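Participant: Handing you this structure, nothing more for now.
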Amino acid sequence: MRVLVIGSGGREHTLVWKIAQSPLVERIFCAPGNGGIQELAECLNISPSDIAALAGFAEKEKIDLTVVGPEPPLAEGITDEFIRRGLRIFGPTRAAAQIEASKVFAKGAMVKYGIPTADFIVFDDAQRALRHIRRRPTPMVVKADGLAAGKGVIVCRARDDADEAVRRIMVEKEFGASGDKVIIEDCLVGEEASLLAFTDGETVLPMDSAQDHKPVFDNDEGPNTGGMGAYSPAPVVTPEVYRRINNEILTPMIRGLAAEGIEYKGVLYAGLMIDDDGPKILEFNARFGDPETQALLPRLENDLVEVMDAVIDGRLSEIELKWSTKAAVCVVMASGGYPGPYEKGKTISGLDSVDDNSVVVFHAGTKRLDDGRIVTDGGRVLGVTGLSDTIGQAIERTYAAAEKIHFDGAHYRKDIGAKALRPEKWNR
Ligand code: AMP
Ligand code: GLY
């Protein structure tokens, strides 16, 4: 098979790495890829948003399977266009991807299908939103309706913060038309986790659990990022919580959409808040998570291409997922200044000194220069994933490897996985 992967981050390097292990695959392309992906796939100078060029390439090169990493092409209808041209693609259609592309659509669906989530109100008028903020209790969460590269959600402790959030989103239009509407919702408390599921529109097959670390600094301090690390499995998702997420959240969502004529095929990502009452949904995503994928796929023992084929063909009921009993921890190494402004082009050294075969270094914002040097080329630069029998041992392994890698300004959290080391919290 000839496979095309779309995207350039750590998630996409992990997808390419896993797909390359499939005996079904003879050649992999990636648009546009990065310095690490280049070792495993032929990188193409095509932007993930250029749907016509991607479809043209897939036709010309007789691509058997295209896998979409990031959300913008899904929201723009890449899947619809590929299907129209008779091309096989893994990822939901534009109608189905609305669960991520429009938070108003997603919240409406949650209410209709009885899926537990925070109470909320939608506003399409800034003055009304500001008046509501004055009346309602704090804290609250202000969310831009549309895609905002993970920056459109602002958790506000004080009314002033919420005022400012509404102004930035609706008046200054920091995220463009994504801010035509806002949601103001109750702030949930508990511990966050992610549960991703493969689905062919009928069968819902959850993966193992994972936990992201969004804030930039240790102890969840500082501004949110795309994700500074992840681990899998997440002990907060006990077998009982896992069942509830599947029965109360993932399956009702897929069934509800199907009943409205929207067939959802691909990965459905549930971002959850878990407390003593059980799981509630914070948000759905229409794709693999980044960096959850870097902690999940190294634990998946199935051939990923077989699973994706089963999703596309509506045969997912035939698949049983098998997970390694090992735990995985992924630590993201970021550029100095990230998530604010940062410089690119810093030489990365020490990649070859990682000689532990239970550690994989996934590239995100990296570039290989003609002289062979690998340099930084983005905010999140590398995801170092280590596997071991316990989360504690995986943490040690991963950090031992990360310490060998250097670039000017590099920073990473030192407490990835620490939440998993408090099992007393979850023995209830
Ligand atoms: P998102 O980009 O939609 O994943 O949201 C980013 C982060 O905002 C989530 O991971 C949570 O930490 C936080 N968040 C979103 N909604 C809520 C909520 N209702 N209550 C508390 N935190 C929230
Ligand atoms: N890890 C968060 C996301 O992929 O949206």
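The values are calculated or read from the model by the stated rules, or taken from the named source; none is laboratory data. Just so we're clear, the structure is a prediction, and the values are computed from it rather than from any experiment. Every residue, glycine as well, gets a Cβ built from its backbone with ideal geometry; the counts of neighbours run over all protein chains shown.
Participant: Return yes or no: is Ala394 crowded, with 16+ Cβ neighbours inside 10 Å, touching a Pro at 6+ places or on another chain (Cβ under 6 Å) and part of a helix (DSSP H, G or I)?
Facilitator: So Ala394 fails the test.
Participant: Restricting attention to segment 158-189, which residues are in a loop (DSSP other than H, G, I, E, B) and not hydrophobic (A, V, I, L, M, F, W, C)?
Facilitator: Glu172, Lys173, Glu174, Asp180, Lys181, listed by residue number.
Participant: Among residues belonging to segment 83-95 that are surrounded by 24 or more Cβ atoms within 10 Å (Cβ to Cβ) and hydrophobic (A, V, I, L, M, F, W, C), point out the one that is nearest to Glu185 (Cα to Cα).
Facilitator: So the residue we want is Phe90.
Participant: Would you check if there is a residue in segment 172-184 being among the aromatic types (Phe, Trp, Tyr), within 16 Å of ligand 2 (Cβ to nearest atom) and in contact (Cβ under 8 Å) with a residue 40 or more places away in the chain?
Facilitator: Checked segment 172-184: no residue is among the aromatic types (Phe, Trp, Tyr), within 16 Å of ligand 2 (Cβ to nearest atom) and in contact (Cβ under 8 Å) with a residue 40 or more places away in the chain.
Participant: For segment 32-55: of the residues being within 17 Å of Leu87 (Cβ to Cβ) and touching a Gly at 6+ places or on another chain (Cβ under 8 Å), which is surrounded by the fewest Cβ atoms within 10 Å (Cβ to Cβ)? Outline the logic, then answer.
Facilitator: Keep residues of segment 32-55 that are within 17 Å of Leu87 (Cβ to Cβ), which gives 44, 46, 48, 50-55.
Now drop any that are not touching a Gly at 6+ places or on another chain (Cβ under 8 Å), which leaves 44, 48, 51.
On the way: Leu44: 17, Pro48: 21, Ile51: 19.
Within segment 32-55, the match that is surrounded by the fewest Cβ atoms within 10 Å (Cβ to Cβ) is Leu44.
Participant: Counting residues that are more than 20 Å from Ser178 (Cα to Cα) and under 24 Å from the mean Cα position of the chain (by Cα), which helices (runs of 4 or more DSSP H) fully inside segment 64-139 reach at least 3? Spell out the reasoning first.
Facilitator: Values: elements: 71-75, 78-84, 94-101, 103-112, 126-135.
Filter on segment 64-139 gives 78-84.
Participant: Go through segment 226-251 and give me each residue that's within 14 Å of Ile391 (Cα to Cα) and in a loop (DSSP other than H, G, I, E, B).
Facilitator: Pro233, Ala234, Pro235, Val236 - these are the residues of segment 226-251 that are within 14 Å of Ile391 (Cα to Cα) and in a loop (DSSP other than H, G, I, E, B).
Participant: I've got another one for you. Only residues that are within 16 Å of ligand 1 (Cβ to nearest atom), under 24 Å from Thr385 (Cα atoms) and part of a loop (DSSP other than H, G, I, E, B): list them for segment 271-321, please.
Facilitator: Residues satisfying the conditions are Ala286, Arg287, Phe288, Gly289, Asp290, Pro291.
Participant: Regarding segment 205-216, can at least one residue be identified that is within 16 Å of ligand 2 (Cβ to nearest atom), closer than 30 Å to Ile262 by Cβ and at pLDDT below 95?
Facilitator: The answer is yes, given that some residue of segment 205-216 is within 16 Å of ligand 2 (Cβ to nearest atom), closer than 30 Å to Ile262 by Cβ and at pLDDT below 95.
Yes or no, residue by residue, for (1) of a type in the set (Phe, Trp, Tyr); (2) surrounded by fewer than 17 Cβ atoms within 10 Å (Cβ to Cβ); (3) more than 12 Å from ligand 1 (Cβ to nearest atom); (4) at pLDDT below 95:
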| residue | (1), (2), (3), (4) |
| --- | --- |
| Ile121 | no, yes, yes, no |
| Arg136 | no, yes, yes, no |
| Lys143 | no, no, no, no |
| Val155 | no, yes, no, yes |
| Glu164 | no, yes, yes, no |
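Participant: Exactly one condition in (1) more than 16 Å from ligand 1 (Cβ to nearest atom); (2) more than 20 Å from the chain's Cα centre (by Cα) is not met by Ser232; state its number.
Facilitator: If we test Ser232 against (1) more than 16 Å from ligand 1 (Cβ to nearest atom); (2) more than 20 Å from the chain's Cα centre (by Cα), just (2) comes out false.
Participant: Between a first residue in segment 196-221 that is in a helix (DSSP H, G or I) and within 15 Å of ligand 1 (Cβ to nearest atom) and a second residue that is at pLDDT 95 or above and not small (Gly, Ala, Ser), which pairs have beta carbons less than 7 Å apart while being 6 or more apart in sequence or on different chains?
Facilitator: Every condition considered, the pairs that remain are Asn219/Asp415.
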